[in-house]
Amino acid sequence: MSVNEKKSENNTAACKAVNSRIGGQAVMEGIMMRNDDRYAISVRKPDQNIETKVESTGSLANNKWLKIPIVRGVYSFISSLVTGISCLMFSATFFEEEEETVKKPLTKEEEEAKAKKKEKEDKLLITGTLIVAIALAVGIFMALPYFLMHLLERRVSQTWILSLFESIVRVVIFLVYIILISRMKDIQRTFMYHGAEHKCINCVEHGLPLNIENVMKSSRFHKRCGTSFLFFVVIVSAVFLMLIQAESHVTRLVIRLALIPVIAGVSYEIIRFAGSSNNKFVNLLSKPGLAIQNFTTREPDESMAEVAITAVEAVFDWRAFLKEKFGLDVPKWTCRQAAMNLSVEFRRAGVPEAYPAARAIVMYAVGASSLKEYAAVMNDVLTDTKRLEIEGLAKRRLNGEPVQYITGSADFYGRAFHVEPGVLIPRFDTENLVSRALELCSENDSVLDLCTGSGCIIVSLCCENKTLRGTGSDISDKALAAARKNAEKYSAGCAFVKSDLFENIDGKYDMIVSNPPYIRTADIQNLETEVKDHEPAAALDGGPDGLKYYRRIAAEAPAYLNAGGRLCLEIGFDQAEEVKQILEDTGFVRIEVSRDIAGNERVITCALPGEEETMEEPQTQEILPEEDDVR
């Protein structure tokens, strides 16, 4: 954070809000932000990515009629309705249920015809929805209060009392409507996005740099809110209808309908003025609308703030605004500065390997797949969108998610392997297993990798020794998909089988390698948060004593190894003696233990007795059959 940013934070309380002229609306899992003649819709899709669309409403700058007070309010009201419905429909498209039937691919002409048809249908739907919305609003907030007033007319003759009653009923209906919809679960998430929209606007209008931290600490209440506008509509309509009287019921209804655009225009001018003024009277006038926002806004989470920031940055240059209105020059980040800032934040939070994690996140965001590529772009200035993306990724790391899952990549034996949640992350320790296996294997050997996970072991072996014929097995479909992807990436030529150890394995191999689950069940809860809360438990849990899979492998491997075949296993730092005993009891020979760079016993290797060794044992056993023959 720069000195200017800190200064801005310290002076926030003293800063008076400056109208930025931007406004917005919450949509389904997203936000629309509008600035002059442009608006952006940002939606958090089911895959958690943010989709943003920028559209134009047509410029008002050259239309002198639409600059006239009241008239511009009427236009703004209608335009906001149309744009709002369109944005709601756009956001809903990401959450439509997928069709069960698979349709054949369309030709280019069919795609174009389908797009035109959909555009026409959307326009009709928007028009229909707009008509229904206006009809319902008129019916609930105009016709119903008038009908109730008409019932009272039989007992009360004073016109002003009847008008006052009608106005009070209208206010009550409005408040009851707001309270009822605020209790709907589906609407509550929309109201959280509504709160994020307000927080974003308040953030920049109070002179704060637009980032998630500043947005989250900003107020969710705003004087230019649509809720306040609707409240003013109710109050202005009450004043108008009390001042304009008529005897005929038909005339009264006509007047009420005719006044709708005028009421909307006047209400727009009031809220426009309120949003630009810090006058005590104006602030007092705004308090009822702000109070109602307790129902129509909720505190958002950081992911919602990210969506709101994305929408703002698509149509509004907040840096230029802060510089012009507050004299605040917010520097843009370079890739290198972003990595350094993140590493400082990670260290404060106790994140292990802070700088490598920060650099990996920045590299992932800018698409640099190697340190060489990163060096070429490290001094490039990040766009606001990229900076925001990096902030979002950093939050995931701060919440304990492994950086390898965030970036989808883990380095192993000089290669970048694809990993994702549900796939065990390759460790540096396991490189010892690969090195030892390479020392023991010969050209054209067949190698089986049990519990292959991401395929890092078998792919590395086949890449280092291209004559090897490799097979990987795993019980996890997700792990096998990642392994196949990695094998294809490096042209390793490996085959993969879904199997619980040897369950679906055919044939015999010259070597079997494995990094099986070997952590004691009771010890898993003592692991780092990144491991115990995020990596697959099935790839970690080796049973009560951590030796469950070693026993199974030792017992079953002889049936799948050629004579003299090798078995190479990774082990826990304190398991060498126990695993060695298991292998000896099973009949394996030439058992050796290798240490890792830290001096820990990490790899154990052994062999199935060869042909000569196999021959010696039967000779001693054949004495008995010969004696039987003599008898």
For segment 311-332, give me each residue that is crowded, with 20+ Cβ neighbours inside 10 Å and within 18 Å of A394 (Cβ to Cβ).
E313
For the subset of segment 507-538 comprising residues that are open to solvent by 30 Å² or more (accessible area, probe 1.4 Å) and of a type in the set (A, V, I, L, M, F, W, C), which member is farthest from E570 (Cα to Cα)?
A522
Would you call V102 modelled with pLDDT of 75 or more and surrounded by fewer than 19 Cβ atoms within 10 Å (Cβ to Cβ)?
no
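Quick one: would you say I390 is open to solvent by less than 60 Å² (accessible area, probe 1.4 Å), under 27 Å from N515 (Cβ atoms) and of a type in the set (A, V, I, L, M, F, W, C)?
Taking the combined requirement at face value, the residue does not satisfy it.
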Flag if K498 is among the basic types (K, R), under 16 Å from L448 (Cβ atoms) and under 33 Å from the mean Cα position of the chain (by Cα):
yes
Cβ-Cβ under 6 Å, sequence separation 6+ or interchain: first residue in segment 67-89 and of a type in the set (G, A, S), partner part of a helix (DSSP H, G or I) and surrounded by fewer than 19 Cβ atoms within 10 Å (Cβ to Cβ). Which pairs?
G73/E269; S86/I126
Return the only residue of Y374, Y405, Y355 being of a type in the set (S, T, Y), out of contact with any Leu (no Cβ under 9 Å at 6 or more places or on another chain) and closer than 28 Å to D596 by Cα.
Y405
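Residue under question is R387, and the condition is that it be more than 22 Å from C606 (Cα to Cα) and touching a residue at least 40 places away in the same chain (Cβ under 8 Å); does it hold? If you could, list the steps in order and put the result at the bottom.
Values: more than 22 Å from C606 (Cα to Cα): yes; touching a residue at least 40 places away in the same chain (Cβ under 8 Å): yes.
Answer is yes for this residue.
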Only one of (1) more than 27 Å from N202 (Cβ to Cβ); (2) of a type outside the set (A, V, I, L, M, F, W, C); (3) surrounded by fewer than 17 Cβ atoms within 10 Å (Cβ to Cβ); (4) in contact (Cβ under 8 Å) with a residue 24 or more places away in the chain fails for Y374. Which number is that?
(3)
Looking at segment 273-281, is at least one residue outside any helix (DSSP H, G or I) and either in contact with a strand residue (DSSP E or B) (Cβ under 6 Å, 6 or more places away or on another chain) or open to solvent by less than 60 Å² (accessible area, probe 1.4 Å) (or both)?
yes
Inspect segment 208-231 for any residue being open to solvent by less than 10 Å² (accessible area, probe 1.4 Å), in contact (Cβ under 8 Å) with a residue 60 or more places away in the chain and in contact with a Leu (Cβ under 6 Å, 6 or more places away or on another chain) and give the result as yes or no.
yes
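If I ask for residues that are of a type in the set (S, T, N, Q), over 16 Å from L210 (Cα atoms) and either touching a Phe, Trp or Tyr at 6+ places or on another chain (Cβ under 8 Å) or assigned to a loop (DSSP other than H, G, I, E, B) (or both), which ones from segment 13-34 would you list? Steps first, answer last, please.
Quick first cut of segment 13-34, residues of a type in the set (S, T, N, Q) only: 19-20, 25.
Pick out the ones that are also over 16 Å from L210 (Cα atoms) and you get 25.
Within segment 13-34, no residue meets the criteria.
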Could you check, for segment 329-340, whether at least one of its residues is in contact with a His (Cβ under 9 Å, 6 or more places away or on another chain) and touching a residue at least 60 places away in the same chain (Cβ under 8 Å)?
no
Candidate set: segment 200-213, residues that are touching an Asp or Glu at 6+ places or on another chain (Cβ under 9 Å) and not aliphatic (A, V, I, L, M); chosen: the one modelled with the highest pLDDT
P209
Given (1) aliphatic (A, V, I, L, M); (2) touching a Pro at 6+ places or on another chain (Cβ under 6 Å); (3) surrounded by 23 or more Cβ atoms within 10 Å (Cβ to Cβ), number of the condition A308 does not satisfy:
(2)
Filtered residues of segment 240-256 (kept if closer than 26 Å to R72 by Cα and modelled with pLDDT of 75 or more):
F240, V254, I255
Give me a count of the residues in segment 435-457 that are in contact with a Ser or Thr (Cβ under 6 Å, 6 or more places away or on another chain), without any contact (Cβ under 8 Å) to a residue 40 or more places away in the chain and among the hydrophobic types (A, V, I, L, M, F, W, C).
0
Does at least one position in segment 541-558 carry a residue that is touching a strand residue (DSSP E or B) at 6+ places or on another chain (Cβ under 8 Å), among the hydrophobic types (A, V, I, L, M, F, W, C) and outside any helix (DSSP H, G or I)?
no
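Every residue, every condition in (1) in contact with a strand residue (DSSP E or B) (Cβ under 7 Å, 6 or more places away or on another chain); (2) crowded, with 24+ Cβ neighbours inside 10 Å, yes or no:
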| site | (1), (2) |
| --- | --- |
| A394 | no, yes |
| Y405 | no, no |
| R427 | no, no |
| L440 | yes, no |
| D445 | yes, no |
| G453 | yes, yes |
| I458 | yes, yes |
| C494 | yes, yes |
Just to be sure before I move on: is E269 open to solvent by 50 Å² or more (accessible area, probe 1.4 Å), of a type in the set (D, E) and out of contact with any strand residue (DSSP E or B) (no Cβ under 8 Å at 6 or more places or on another chain) in the structure I sent?
no
Can you tell me which residue within segment 588-622, out of those that are in a helix (DSSP H, G or I) and open to solvent by less than 90 Å² (accessible area, probe 1.4 Å), is modelled with the lowest pLDDT?
P618
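Could you list, in sequence order, all residues of segment 282-299 that are in a loop (DSSP other than H, G, I, E, B) and open to solvent by less than 10 Å² (accessible area, probe 1.4 Å)?
Keep residues of segment 282-299 that are in a loop (DSSP other than H, G, I, E, B), which gives 297-299.
The one that is in a loop (DSSP other than H, G, I, E, B) and open to solvent by less than 10 Å² (accessible area, probe 1.4 Å): T297.
For S79, are the conditions met, namely being of a type in the set (S, T, Y), under 20 Å from E269 (Cα atoms), modelled with pLDDT under 85 and touching a Ser or Thr at 6+ places or on another chain (Cβ under 9 Å)? Reasoning before the result, please.
Details: of a type in the set (S, T, Y): yes; under 20 Å from E269 (Cα atoms): yes; modelled with pLDDT under 85: yes; touching a Ser or Thr at 6+ places or on another chain (Cβ under 9 Å): yes.
Spelling it out, S79 is indeed of a type in the set (S, T, Y), under 20 Å from E269 (Cα atoms), modelled with pLDDT under 85 and touching a Ser or Thr at 6+ places or on another chain (Cβ under 9 Å).
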Here are the criteria: (1) open to solvent by 50 Å² or more (accessible area, probe 1.4 Å); (2) in contact (Cβ under 8 Å) with a residue 40 or more places away in the chain; (3) under 22 Å from E528 (Cβ atoms). Tell me which single one N399 does not satisfy.
(2)
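Does segment 333-348 hold any residues that are within 29 Å of H206 (Cβ to Cβ) and surrounded by 12 or more Cβ atoms within 10 Å (Cβ to Cβ), and which are they? Reasoning before the result, please.
The initial filter retains those residues of segment 333-348 that are within 29 Å of H206 (Cβ to Cβ), namely 333-334, 337-338, 340-342, 344-346, 348.
Result: W333, T334, Q337, A338, M340, N341, L342, V344, E345, F346.
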Just to verify a result, which residue in segment 148-190, among those that are aromatic (F, W, Y) and either loosely packed, with under 12 Cβ neighbours inside 10 Å or closer than 18 Å to F240 by Cα (or both), is modelled with the lowest pLDDT?
W160
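The values are calculated or read from the model by the stated rules, or taken from the named source; none is laboratory data. Bear in mind that the values here come from a model prediction, so they are computed numbers and not experimental data. Cβ coordinates were reconstructed from backbone atoms using ideal geometry, including for glycine residues, and neighbour counts include every protein chain displayed. Remember, those area values only see protein heavy atoms, side chains included, never the ligands or the DNA or RNA. Shrake-Rupley method; radii C 1.70, N 1.55, O 1.52, S 1.80 Å.
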